[in-house]
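**Student:** Dropping the structure in here first, questions after.
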Amino acid sequence: AIPHILTKHPRAYFLLLGDGPEHQSLQAQAERAGVLEHVRFCGHVDDVENILPGLDLFVLPSNYECSPVALLEAMAVGLPLVANRVGGIPEMVENDVNGLLISPASSSELAAAVNVLLADEGLRDRLGRAARATACSRFNRDAGLALLQDQYLRYGRS
């Protein structure tokens, strides 16, 4: 998706946070696509809370997720989101309310969603504020404890 994003936003830069078995493959893919100078492979990051506030948006293009903590961290700092409609993500992100949801493995949808956000500061602000509100109201300690208590009361008697 990055080459398509750069055609509309040639000054964009991308930080890939985290490490894993695809690191070398992704780096080679970026080099082949001629976008390596726009991509920073950061590897494992211990202080993500210091990096996220400096970003314009957060993208989670995972094809398999349950309830990703990285997404909650981005929501908590008020970043507008683009994420794949997989696993538990649609329970966390409501399309065009607190983020943008796209089809998994669709680089064209990913590029289009990122391009829309990069071009529209008002939309970024609106989605970022809603993401933060969602993280603070639905995914805080008290809400988590209430959900856990409800689960124990509902299913603990079987």
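The values are calculated or read from the model by the stated rules, or taken from the named source; none is laboratory data. Just so it is clear, the model here is predicted, and its values are computed rather than measured. Quick reminder, even Gly has a Cβ in these numbers, built from the backbone with ideal geometry, and neighbours come from all protein chains shown. Keep in mind that these areas ignore ligands, DNA and RNA; they rest on the heavy atoms of the full protein, side chains included. Shrake-Rupley method; radii C 1.70, N 1.55, O 1.52, S 1.80 Å.
**Student:** With +1 on each Lys and Arg Cβ and -1 on each Asp and Glu Cβ, and nothing else charged, work out how big the dipole of the chain is about its Cα centre, in Debye to the nearest 20.
**Tutor:** 320
**Student:** When the accessible area of the chain is split by element with a 1.4 Å probe, what percent falls to carbon and sulfur?
**Tutor:** Carbon and sulfur: 52 percent of the exposed surface of the chain.
**Student:** Whole number please: convex hull volume per residue of the Cα set in the chain, in Å³?
**Tutor:** Each residue corresponds to 129 Å³ of Cα convex hull volume.
**Student:** From the P(r) of the stretch 38-112, can you give the percent of Cα pairs sitting at distances over 13 Å?
**Tutor:** 66
**Student:** What list of whole percents do you get for P(r) of the stretch 62-106, with Cα-Cα distances grouped in 5 Å bins up to the one holding the largest distance?
**Tutor:** Histogramming the stretch 62-106 at 5 Å steps yields 5, 25, 37, 26, 7, 1 percent.
**Student:** Expressed in whole Å with the largest first, what are the equivalent ellipsoid semi-axes of the stretch 1-90 derived from the C-alpha gyration tensor as the square root of 5 times each eigenvalue? Write down the numbers at each step before the final one.
**Tutor:** Numbers: eigenvalues 91, 48, 41 Å².
After diagonalising the Cα gyration tensor, the semi-axes are 21, 15, 14 Å.
**Student:** If you don't mind, there's one more thing I want to ask. Do the sum for the chain: with -39,500 (n - 2.57) for every DSSP H run of n ≥ 4, divided by all residues, what is the mean residue ellipticity at 222 nm, to the nearest 500 deg cm²/dmol? Present the calculation step by step, with values, prior to reporting the outcome.
**Tutor:** Details: 8 runs with 79 residues, N = 158.
-14500 deg cm²/dmol, from helical runs alone.
**Student:** Under a 1.4 Å probe, what is the accessible area of the chain per residue, stated in Å²?
**Tutor:** Each residue of the chain exposes 62 Å² on average to a 1.4 Å probe.
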